[in-house]
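Everything on this sheet refers to the single structure shown next.
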Amino acid sequence: MRKALRWLLAFVVLIGTLSAAGASAGAATAAGPDTPDIKARILAIPGMSLIEEKPYPGYRFFVLQYAQPIDHRHPSKGTFNQRFTLLHKDTSRPTVLYTGGYNVSTTPSRSEPTRIVDGNQVSLEYRYFTPSRPEPADWSKLDIWQAASDQHRLFTALKKIYTRNWLTTGGSKGGMTATYYERYYPKDMDGVVAYVAPDDVANDEDSAYDRFLSTVGTKECRDRLEGVQREALVRRGPLEKKYAQYAKDNGYTFTTVGSLDKAYEAVVLDYIWGFWQYSLLSDCDTVPADAPHATDLEIWDSVDTISGFSFYTDQGLEAYTPYYYQAGTQLGSPDIKQPWLGNLSRYGYQPPRHFVPRSISMRFQPGVMADVDNWVKHHAHHMLYVYGQNDPWGAERFSVGKHPDDSYVFTAPGMNHGANVDGLAPAEKAKATARILAWAGVAPAAVRADPQRAKPLAAYDATLDRKGLERDRSLRP
């Protein structure tokens with residue numbers, strides 16, 4: 001997606017500090033005086049190993065790795081170490097299984113459901129994101145069923161220790177991951193909270209995105225964004241000279257995408273989508289109002305701020321190879337028209353194949369997403385979807401069907417790809433919070449009697465619960 005604004009996805013935090021004596025006291029409280037130390041219990045699980053423990057007040061926080069089969073259908077064919085973190089509060093509390101669908105953060109954090117239920121949190125790195133990648137990598141084993149099986153196997157191991165209710169959650173690709181896990185292992189979790197999860201049922205039919213981009217926000221804002229994007233392509237010559245110098249100065253190359261020209265256009269074509277994904281309507285004031293009379297530097301800076309000229313370099317793409325591989329084999333990807341560009345675009349929206357090294361074979365598997373979509377429509381149970389009104393990824397979203405089984409789809413007014421329960425309208429916010437508490441088995445009597453009284457059980461922590469999206473400069477969920 002786009003260049004980091006450093007104020008917005010989900011769930012990025014700093015490490016707290018705690019004295020050794022305080023950490024010891026916290027450990028005794030969390031584990032209980034008459035039980036074995038929680039670290040010893042976790043490490044007694046076969047295949048489990050500790051990378052490090054980091055102190056945080058009121059919790060034990062561990063960075064761990066777990067030996068997983070490369071192929072869950074043929075476990076004897078080798079294993080790899082999958083990294084995850086554990087924010088331990090108490091085995092008597094519910095546990096939230098979180099994944100962002102990419103790399104895992106190794107600093108303490110709480111997802112919104114974890115704060116709501118005041119529980120433990122297991123945060124799992126998605127397979128094939130380094131360092132959780134087999135060497136050598138058999139890319140055919142990177143699919144949504146294998147990833148769901150990673151979650152199932154880790155849950156099965158930890159459920160013996162964390163015996164209370166479990167929820168699964170994630171934002172964006174993490175929300176997709178939570179959905180796929182529920183589809184393949186529907187008996188594991190007591191509830192699913194999926195944020196801003198795209199549902200690309202038919203990869204070749206993306207008109208919903210075009211309709212969304214033609215009406216989102218205000219005409220004035222859309223006109224500003226379209227003007228900057230057009231100018232960036234009109235001035236391709238001088239701005240690509242600047243791009244070439246920028247790449248030279250930073251040691252960037254373009255082998256994967258094919259050329260500097262293709263990379264430049266990919267960045268520019270991400271611009272409008274990226275704005276709505278990460279910015280608010282009020283941020284339109286930061287977009288040049290009269291693009292044809294703006295300087296080259298003003299056009300460059302606006303595109304770089306939103307899209308990030310470093311992303312489609314080899315160095316920018318490398319960390320996201322697993323995502324683009326999945327987008328080009330199962331998940332699907334948007335293909336938007338952007339008619340306001342006329343004939344200025346040479347390549348159109350480039351497919352995921354352009355962003356994966358040619359040494360990795362790819363073949364799209366039609367029907368995989370349609371199967372998940374159909375399953376959710378007919379079998380959703382204790383599932384909650386939250387979308388942002390102004391988020392393009394929500395143009396193709398999950399539906400829980402006409403007769404949902406305690407399942408819901410809510411939209412947060414005015415919010416983008418960082419939409420959450422806290423941003424919902426008051427009645428829906430209370431409803432969502434009450435259902436999450438109920439699924440976790442910790443709804444207070446007052447909330448069971450009146451769901452409108454529902455609120456998070458844990459106090460807000462400015463470090464653990466820092467809100468916002470981490471911008472990572474590509475058109476990806």
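Give the stretch 311-341 a look and list any residue that's surrounded by fewer than 21 Cβ atoms within 10 Å (Cβ to Cβ) and in a helix (DSSP H, G or I), or say none.
Across the stretch 311-341, the qualifying residues are D314, Q315, E318, A319, P339, W340, L341.
For the stretch 39-70, give me each residue that is of a type in the set (D, E, K, R) and touching a Phe, Trp or Tyr at 6+ places or on another chain (Cβ under 9 Å). Steps first, please.
Initial filter on the stretch 39-70 (of a type in the set (D, E, K, R)): 39, 41, 52-54, 60.
Selection gives K39, E52, E53, K54.
Within the stretch 109-127, can you find the residues that are surrounded by fewer than 24 Cβ atoms within 10 Å (Cβ to Cβ) and in a loop (DSSP other than H, G, I, E, B)?
Of everything in the stretch 109-127, those that are surrounded by fewer than 24 Cβ atoms within 10 Å (Cβ to Cβ) and in a loop (DSSP other than H, G, I, E, B) turn out to be D118, R127.
Given the residues V372, V400, V376, V386, which is the only one that is open to solvent by less than 30 Å² (accessible area, probe 1.4 Å), assigned to a loop (DSSP other than H, G, I, E, B) and of a type in the set (A, V, I, L, M, F, W, C)? If you could, list the steps in order and put the result at the bottom.
Numbers: V372 fails: assigned to a loop (DSSP other than H, G, I, E, B); V376 fails: assigned to a loop (DSSP other than H, G, I, E, B); V386 fails: assigned to a loop (DSSP other than H, G, I, E, B).
Checking each option against the conditions leaves just V400.
If the Cβ limit is 6 Å and pairs must be 6+ apart or interchain, which residue in the stretch 284-309 that is among the hydroxyl-bearing types (S, T, Y) pairs with which residue that is assigned to a helix (DSSP H, G or I)?
Once the first residue is among the hydroxyl-bearing types (S, T, Y) and sits in the stretch 284-309, its partners that are assigned to a helix (DSSP H, G or I) give S302/V228; S307/V267; S307/Y271; S307/G274.
Tell me which residues, restricted to the stretch 432-469, are more than 27 Å from the chain's Cα centre (by Cα) and assigned to a helix (DSSP H, G or I).
A445, A446, V447, R448, A449, P451, Q452, R453
Scan the stretch 327-350 and report the pairs whose first residue is under 18 Å from L225 (Cβ atoms) and whose second residue is among the charged types (D, E, K, R), with Cβ atoms within less than 6 Å and a gap of 6+ or a chain change.
Within 6 Å, the pairs are P334/D206; I336/D210; K337/D210; W340/E226; Y349/D335.
Looking at A178, A157, A148, can you tell me which residue is in contact with a Ser or Thr (Cβ under 6 Å, 6 or more places away or on another chain) and either in a helix (DSSP H, G or I) or basic (K, R) (or both)?
Details: A157 fails: in contact with a Ser or Thr (Cβ under 6 Å, 6 or more places away or on another chain); A148 fails: in contact with a Ser or Thr (Cβ under 6 Å, 6 or more places away or on another chain).
Every option except A178 fails the conditions.
Of all residues in the stretch 57-89 being basic (K, R) and assigned to a strand (DSSP E or B), which is surrounded by the fewest Cβ atoms within 10 Å (Cβ to Cβ)?
Residues of the stretch 57-89 that are basic (K, R), as a first pass: 60, 73, 77, 83, 89.
Within this subset, residues satisfying the condition of being assigned to a strand (DSSP E or B) are 60, 83.
On the way: R60: 25, R83: 20.
Once the filter is applied, the top-ranked residue is R83.
Can you tell me which residue within the stretch 424-453, out of those that are open to solvent by less than 50 Å² (accessible area, probe 1.4 Å) and either out of contact with any helix residue (DSSP H, G or I) (no Cβ under 8 Å at 6 or more places or on another chain) or of a type in the set (V, I, T) (or both), is farthest from D283 (Cα to Cα)?
Taking the candidates together, the pick is V442.
Criterion first (closer than 23 Å to A380 by Cβ, in contact with a strand residue (DSSP E or B) (Cβ under 9 Å, 6 or more places away or on another chain), open to solvent by less than 30 Å² (accessible area, probe 1.4 Å) and part of a loop (DSSP other than H, G, I, E, B)) does G100 satisfy it? Give the steps one after another, and end with the answer.
Values: closer than 23 Å to A380 by Cβ: yes; in contact with a strand residue (DSSP E or B) (Cβ under 9 Å, 6 or more places away or on another chain): yes; open to solvent by less than 30 Å² (accessible area, probe 1.4 Å): yes; part of a loop (DSSP other than H, G, I, E, B): yes.
Criteria met by G100.
Please determine whether any residue of the stretch 263-286 is within 22 Å of D335 (Cβ to Cβ) and open to solvent by 30 Å² or more (accessible area, probe 1.4 Å).
The first filter runs over the stretch 263-286 and keeps only residues within 22 Å of D335 (Cβ to Cβ), leaving 263-278.
Of the ones still in play, those that are also open to solvent by 30 Å² or more (accessible area, probe 1.4 Å) are none.
The answer is no, given that none of the residues of the stretch 263-286 is within 22 Å of D335 (Cβ to Cβ) and open to solvent by 30 Å² or more (accessible area, probe 1.4 Å).
Output the number of the condition that E135 fails; it satisfies all remaining conditions of (1) part of a helix (DSSP H, G or I); (2) farther than 30 Å from W276 by Cβ; (3) of a type in the set (D, E).
All conditions pass for E135, except number (1).
Can you say whether L344 is buried (at least 16 other Cβ atoms within 10 Å of the Cβ) and more than 25 Å from A419 (Cα to Cα), as far as the supplied structure shows?
yes
Mind listing whichever residues of the stretch 241-262 are in contact with a Ser or Thr (Cβ under 7 Å, 6 or more places away or on another chain) and open to solvent by less than 10 Å² (accessible area, probe 1.4 Å)?
Answer for the stretch 241-262, where residues must be in contact with a Ser or Thr (Cβ under 7 Å, 6 or more places away or on another chain) and open to solvent by less than 10 Å² (accessible area, probe 1.4 Å): just A247.
In the stretch 129-150, what residues are open to solvent by less than 20 Å² (accessible area, probe 1.4 Å) and in contact with a helix residue (DSSP H, G or I) (Cβ under 7 Å, 6 or more places away or on another chain)?
We begin by selecting, within the stretch 129-150, every residue open to solvent by less than 20 Å² (accessible area, probe 1.4 Å); these are 129, 132, 134, 142, 144, 146-150.
Matches in the stretch 129-150: F129, L142, I144, A147, A148.
The values are calculated or read from the model by the stated rules, or taken from the named source; none is laboratory data. A quick note: this is a predicted structure, and the numbers were derived from the prediction, not measured. In this analysis, Cβ positions are derived from the backbone assuming ideal geometry, glycine residues included, and neighbour counts consider all displayed protein chains. The protein model used for the area step is the full one, side chains on, heavy atoms only, and it has no ligands, DNA or RNA in it. Shrake-Rupley method; radii C 1.70, N 1.55, O 1.52, S 1.80 Å.
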